[in-house]
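Here is the structure we will look at.
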Amino acid sequence: QDLAAPPLAPVPAPPFHPARASRVLHATDQAMLLSPSQPIHALSATDQLRLLRQAGRAFVEATNHREVWRALLSALKEACHFASCSVLLVDDSGNYELAVMACKPLGQRFLQQNIERLAFEVLRAGLPPVKLPQVAVRQVLDAPDTINDDAALQTPPAEQIASFVTNPLVSRGHMIGLLGLADEQWNVFSKDHEAFLAAIADYAAVALENMRLRQAEQSLW
């Protein structure tokens, strides 16, 4: 009883999250680090409903994951500004599959931070832990054709994430992954953007789960 308890092992800090910057930095440092820009691309309720219907039709017509990603990217690009859209899926065995759709060239550091933040959100959501090296090697990078033109290729790649938002992908009461948006600019996502992301994530989750069931049925045949 008189023995001193052994010292606790140091716990590494979680990946940096912009929302927690105000708790760590002084006001002057925060003002120097963060841009005072305001959220952009605000949509009316009518526009949001139109985009949801458009995405819903595209999801129904999709025959593979790539078409689901493109439909998702098309709707989200009109709703808000972002550098990348990520779909992280997990199967019943705890294996992850990550697809990253780029809206502009992405640097290696940006991609690394994207995986780290998704892994952190996975832990918060109660999903199986992500093995970062495996996901990093197996991630699928996709981009629309417009990113391959001369103007886009001359644009400096995004090197650091300043804004990040995620929403669970839930189908039939079961969480099958996460949908995330990331950008190098600060404060580009508003509450309206988060609400729209949550709505379209429900559509995407149903489409992805139906596609998984369809593929399972075809494998049985």
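The values are calculated or read from the model by the stated rules, or taken from the named source; none is laboratory data. Only a predicted model underlies this, so the values are computations on that prediction, with no experimental measurement involved. Cβ: placed from backbone, ideal geometry, glycine included. Neighbour counts: every protein chain shown. Surface accessibility is based on the protein's heavy atoms, side chains included, excluding ligands, DNA and RNA. Shrake-Rupley method; radii C 1.70, N 1.55, O 1.52, S 1.80 Å.
Residue 43 - would you say it is more than 17 Å from residue 205 (Cβ to Cβ), open to solvent by 20 Å² or more (accessible area, probe 1.4 Å), among the hydrophobic types (A, V, I, L, M, F, W, C) and not in a helix (DSSP H, G or I)? Here the answer is yes, as residue 43 does meet what is asked. Taking the stated definitions as given, is residue 132 out of contact with any Phe, Trp or Tyr (no Cβ under 7 Å at 6 or more places or on another chain) and either modelled with pLDDT of 90 or more or small (Gly, Ala, Ser) (or both)? In short, yes.
Return yes or no: is residue 120 at pLDDT 90 or above and more than 11 Å from the chain's Cα centre (by Cα)?
So residue 120 passes the test.
In segment 135-155, what residues are among the acidic types (Asp, Glu) and at pLDDT below 80? Across segment 135-155, the qualifying residues are 145, 149, 150. Has segment 116-135 got at least one residue that is out of contact with any helix residue (DSSP H, G or I) (no Cβ under 6 Å at 6 or more places or on another chain), closer than 20 Å to residue 81 by Cα and either in contact (Cβ under 8 Å) with a residue 60 or more places away in the chain or hydrophobic (A, V, I, L, M, F, W, C) (or both)? Yes, segment 116-135 contains a residue that is out of contact with any helix residue (DSSP H, G or I) (no Cβ under 6 Å at 6 or more places or on another chain), closer than 20 Å to residue 81 by Cα and either in contact (Cβ under 8 Å) with a residue 60 or more places away in the chain or hydrophobic (A, V, I, L, M, F, W, C) (or both).
Taking first residues from segment 189-210 that are among the hydroxyl-bearing types (Ser, Thr, Tyr) and partners that are open to solvent by 60 Å² or more (accessible area, probe 1.4 Å), the Cβ contacts under 8 Å between residues at least 6 apart in sequence or on separate chains come to 190/42. Filtering segment 168-193 down to residues that are surrounded by 15 or more Cβ atoms within 10 Å (Cβ to Cβ) and assigned to a helix (DSSP H, G or I), which residue is nearest to the chain's Cα centre (by Cα)? Checking each candidate, the answer is 193.
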